[in-house]
Amino acid sequence: MKLKNRVVVVTGSGSGIGRSCAIEFAKEGARVVVADINLQGAEETVRQIRESGGDSIPFRTDVSDPDSVIKLVDFTIKHGQN
Ligand SMILES: NC(=O)c1ccc[n+]([C@@H]2O[C@H](COP(=O)([O-])OP(=O)(O)OC[C@H]3O[C@@H](n4cnc5c(N)ncnc54)[C@H](O)[C@@H]3O)[C@@H](O)[C@H]2O)c1
């Protein structure tokens, strides 16, 4: 596992390409913060990661809103530690 004890943030990971990236990072041992404007989609990605033994947490983020991105960074610093 290349990413053990590392934290990865994937924006737009509530579906599609972002979800696939989040799942692959988790397979490599990272704790993945799944950030998406669609919280339900983010929660589904997290469910899939946890189901296969990975470590992941969801966070609602709008990447077009600077305040929302700052909150994502703060959340990751507080909760992203393994
Ligand atoms: N260049 C290429 O060859 C190529 C190929 C495929 C996809 N794409 C592009 O890549 C992107 C992703 O494609 P996809 O198929 O995974 O799309 P998708 O719609 O499945 O995934 C996009 C995700 O981004 C989230 N999102 C949208 N606005 C957001 C915001 N403001 N803040 C946070 N999250 C937000 C959505 O909720 C969704 O979960 C698209 O822009 C698509 O056009 C490019």
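The values are calculated or read from the model by the stated rules, or taken from the named source; none is laboratory data. The shown structure was predicted, so the numbers you read here are calculated from the model rather than taken from an experiment. Reconstructed Cβ throughout: ideal geometry from the backbone, glycine too, with neighbour counts over all protein chains shown.
Please verify whether residue 63 is at pLDDT 95 or above, hydrophobic (A, V, I, L, M, F, W, C), surrounded by 12 or more Cβ atoms within 10 Å (Cβ to Cβ) and near the ligand (Cβ under 9 Å from one of its atoms), treating the condition exactly as stated.
Against the criterion (at pLDDT 95 or above, hydrophobic (A, V, I, L, M, F, W, C), surrounded by 12 or more Cβ atoms within 10 Å (Cβ to Cβ) and near the ligand (Cβ under 9 Å from one of its atoms)), residue 63 qualifies.
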key: Conditions (1) within 14 Å of the ligand (Cβ to nearest atom); (2) of a type in the set (A, V, I, L, M); (3) without any contact (Cβ under 8 Å) to a residue 60 or more places away in the chain; number of the one not met by residue 72   = (3)
query = Among all residue pairs at least 6 apart or on different chains, which show Cβ distances below 7 Å where the first residue, located in region 17-44, is under 21 Å from residue 77 (Cβ atoms) and among the β-branched types (Val, Ile, Thr) and the second is part of a helix (DSSP H, G or I) and more than 9 Å from the ligand (Cβ to nearest atom)?
reply = 32/22; 32/25; 32/26; 32/49; 33/76; 34/22; 34/46
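Identify, please: which residue in region 45-60 is on the phi < 0 side of the Ramachandran plot and without any contact (Cβ under 8 Å) to a residue 24 or more places away in the chain and is, among those, surrounded by the most Cβ atoms within 10 Å (Cβ to Cβ)?
46
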query = In region 17-35, what residues are over 14 Å from residue 51 (Cβ atoms) and within 13 Å of the ligand (Cβ to nearest atom)?
reply = 17, 18, 20, 21, 33, 35
